[in-house]
Amino acid sequence: MIIYQETKARFLHHAFEDDIQDVILKHYKESVGAGAAKPMITSWANSLMEMAKVLKDDEIPDDAGIAIEYQLPQSSKRIDFIITGEGEDARPRVVIVELKQWSESRRSARDAIIWARRGGKAGETEGTHPSYQAWTYAAYLEDFNTEVQRGEIGLQPCAYLHNHPRDGEIDHPHYAEHIARAPLFLKSEKDKLRAFIRKHVRKGDRKQVLYAIERGRIRPSKTLADSVARMMQGKSEFLMIDDQKVVFEAILAADARAEQRKQVVIVQGGPGTGKSVVAINALGALLALGRNSRFVSKNAAPRAVFKARLTGRSSCHK
């Protein structure tokens, strides 16, 4: 589901001639059937205006597609901003932009994790680095959407933190691998982001790529049972996004502390939040570390399937 989709020209009109947050809110209410929280509306007002300033460039085609708040299939997560068009080779291109209003952050020793104020009353909390977030969203879309899976649509993720200066924290070498996959653009780097978009979107597509993505059939994610054997060899078969990655790293940190004192990590979440994804990734990682690990479930069905797969028998064998 895409909350808002228009051409670049129409988006700029909504941004500079209307109140962009009101336009998005109207579309949001029509799509979701409810209003949006005040922090979300504020983020639309601030971050979308910054994107409008970036896109106000004659070399970025007016008929390029713009999508805002695209909900990832079978997930509650949304991609903030998408720009579509064609590259120099006439291949369909999608630029995914993760937007943040942060003005400061603090690096964590954990992989892909960073401390920042993410709104609300919680203060500074741990979460995924914006570049990691953008990259996993792109990879997730590629894994689920058949139109993207065909390989004709090129995805290029990036992150734009328009209030955040370069300070050696958000852009620390600790995050180099993730920034390489999804470039990071910070305060006063509007021109760099603009050049990045121009590089990938050379021609407009009149929202055709957006239509293709929306029409794309949703392919079920990799089946847990088919991947357990590879997971037992320490190979990660399930991409972890946002809170899933945070929880996974917390489990590994607890394991590291367990030599001094017993540790317990309780993971809570409703259906579809990725508890099984975290559990299987953690199982594979802990086995790779030589830990005596177990997957325990009160439901006999998944246990039977996992056992059959791991012993090389058909899941239908009894």
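Only the coordinates and a few stated rules stand behind these numbers; no lab work does. Just so you know, these numbers come straight off a predicted model, no measurement behind them. For neighbour counting, all protein chains shown are included, and Cβ atoms are generated from backbone atoms with ideal geometry for every residue, glycine included.
Here the relative contact order of the chain, from alpha carbon pairs under 8 Å that lie six or more residues apart, stands at 18 percent.
Per-peptide packing, taken as the mean over residues of other Cβ atoms within 10 Å, places 186-197, 239-250 in the sequence 239-250, 186-197 from highest down. For the chain, the longest principal axis of the alpha carbon atoms and the long axis of helix 20-32 meet at an angle near 50°. Between ILE266 and SER103, full extension at 0.36 nm per residue minus the direct alpha carbon distance yields a gain of 55.5 nm. Per-residue extension of 0.36 nm, minus the Cα-Cα distance of LYS53 and ASP191, leaves a gain of 48.7 nm for this segment. The charge dipole of the chain, taken about the Cα centre with unit charges on the Cβ atoms of Lys, Arg (+1) and Asp, Glu (-1), comes to about 1660 debye, rounded to the nearest 20. When the helices of the chain are scored as -39500 (n - 2.57) per DSSP H run of n ≥ 4 and the total is divided over every residue, the value at 222 nm lands at -12500 deg cm²/dmol. Applying 1/(1 + (r/R0)^6) with r as the Cβ-Cβ distance of GLU214 and ARG294 and R0 = 45 angstrom yields a FRET efficiency of 0.60. Simple rule: put +1 on each Lys or Arg Cβ and -1 on each Asp or Glu Cβ in the chain, find the dipole, and look at ALA109, TYR160, ALA212; the Cα lying farthest toward the positive end is ALA109. Taking 31 Å as the cut-off for C-alpha to C-alpha distance, list the pairs among LYS26/LYS190; LYS187/LYS275; LYS26/LYS207; LYS26/LYS275; LYS8/LYS245 that go past it. LYS187/LYS275; LYS26/LYS275; LYS8/LYS245, as the Cα separations exceed 31 Å there.
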